[in-house]
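**Student:** Just dropping this structure here.
The values are calculated or read from the model by the stated rules, or taken from the named source; none is laboratory data. In this text the structure is predicted, and so the values were computed from the model without any measurement. Neighbour counts are summed over all protein chains in view; Cβ atoms, including those assigned to glycine, are modelled from backbone coordinates with ideal geometry. Accessible surface areas use protein heavy atoms only, side chains included; no ligands, DNA or RNA. Shrake-Rupley method; radii C 1.70, N 1.55, O 1.52, S 1.80 Å.
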Amino acid sequence: MKRLIFLSLCCCVLLAGCESKPTLQKYFVENTENKNFMAFDLSPTILNIKETKLSAEQKQALQSFDKMNILAFKVNEQNKAQFETECDKVKTLLKDEQYQQLMKYGSGSEGASVSFVGDDEHIDEFVLFANRKDSGFAVIRILGDDMNPTGILEMLSILKTSDINLEQLKPLQEMLAK
């Protein structure tokens, strides 16, 4: 009998300890198959970089980058109401205390923001969110280990010299062309 009570208590503690609040990651997973969204995962290999030509700082920045998740919503006449709802959901998720906003541009209906998860020198995720009423919105999660603002600047310099494999971006290009 004591065992049964103990097991019941353990199960209750485990179930109560499971956090079921919405997260940006859950939002990505829930909308991956939604017809109004396009989702992709991009790896560092898309950059086609010759590491022998990189400085030590650039190599370190590249090694801290794991992948990029992109979720885009293309607005049209039939889904304008859903666009507003989904845009508000993303804005609410980004107000969570784990996200620290670096900058924001534009008004509430159109604009962009950059947020991050972690502390100033050990960033695990950058989130870029951009929206326009007439075209839709995109959320880009840049995931990595111990990224930092200096490393992001190094990544930008790497991008300038990269030979990006545009084949991986073809679905996004097709969506934007429609």
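**Student:** Check Lys59, Lys67 and return the single one that is in contact with a helix residue (DSSP H, G or I) (Cβ under 8 Å, 6 or more places away or on another chain), in contact (Cβ under 8 Å) with a residue 40 or more places away in the chain and open to solvent by 50 Å² or more (accessible area, probe 1.4 Å). Don't jump to the end; show me each part of the working.
**Tutor:** Values: Lys59 fails: in contact (Cβ under 8 Å) with a residue 40 or more places away in the chain.
Answer to the check: Lys67.
**Student:** Another question about this same structure. Quick check on the stretch 35-56: of everything there that is open to solvent by less than 70 Å² (accessible area, probe 1.4 Å) and among the polar types (S, T, N, Q), which residue is nearest to Ile164 (Cα to Cα)?
**Tutor:** First, pick out the residues of the stretch 35-56 that are open to solvent by less than 70 Å² (accessible area, probe 1.4 Å): 36-40, 42-44, 46-47, 49, 54-55.
Filter again for among the polar types (S, T, N, Q), leaving 36, 43, 55.
Working: Asn36: 26, Ser43: 11, Ser55: 19 Å.
Taking the candidates together, the pick is Ser43.
**Student:** Quick check on this structure: which one of Glu125, Glu57 is over 18 Å from the mean Cα position of the chain (by Cα) and more than 19 Å from Thr32 (Cα to Cα)?
**Tutor:** On the way: Glu125 fails: over 18 Å from the mean Cα position of the chain (by Cα).
Just one listed residue meets the conditions, Glu57.
**Student:** In addition: Could you check, for the stretch 70-80, whether at least one of its residues is acidic (Asp, Glu) and modelled with pLDDT under 90? Quick ask: steps written out before the conclusion?
**Tutor:** The first filter runs over the stretch 70-80 and keeps only residues acidic (Asp, Glu), leaving 77.
This time we only want the ones that are modelled with pLDDT under 90, so: none.
Within the stretch 70-80, not a single residue is acidic (Asp, Glu) and modelled with pLDDT under 90.
**Student:** Among the numbered criteria (1) at pLDDT 80 or above; (2) in contact with a helix residue (DSSP H, G or I) (Cβ under 9 Å, 6 or more places away or on another chain); (3) closer than 17 Å to Asn69 by Cβ, which one does Gln168 miss?
**Tutor:** (1)
**Student:** Let me ask you something else. So for the stretch 8-26 (the condition being open to solvent by 50 Å² or more (accessible area, probe 1.4 Å), more than 19 Å from Phe126 (Cα to Cα), within 18 Å of the chain's Cα centre (by Cα) and at pLDDT 90 or above), does at least one residue qualify?
**Tutor:** no
**Student:** Right, another one. Consider Ile49 carefully, then state whether it is assigned to a loop (DSSP other than H, G, I, E, B) and under 22 Å from Ile158 (Cα atoms). Full working, then the answer.
**Tutor:** Details: assigned to a loop (DSSP other than H, G, I, E, B): yes; under 22 Å from Ile158 (Cα atoms): yes.
Yes, satisfied.
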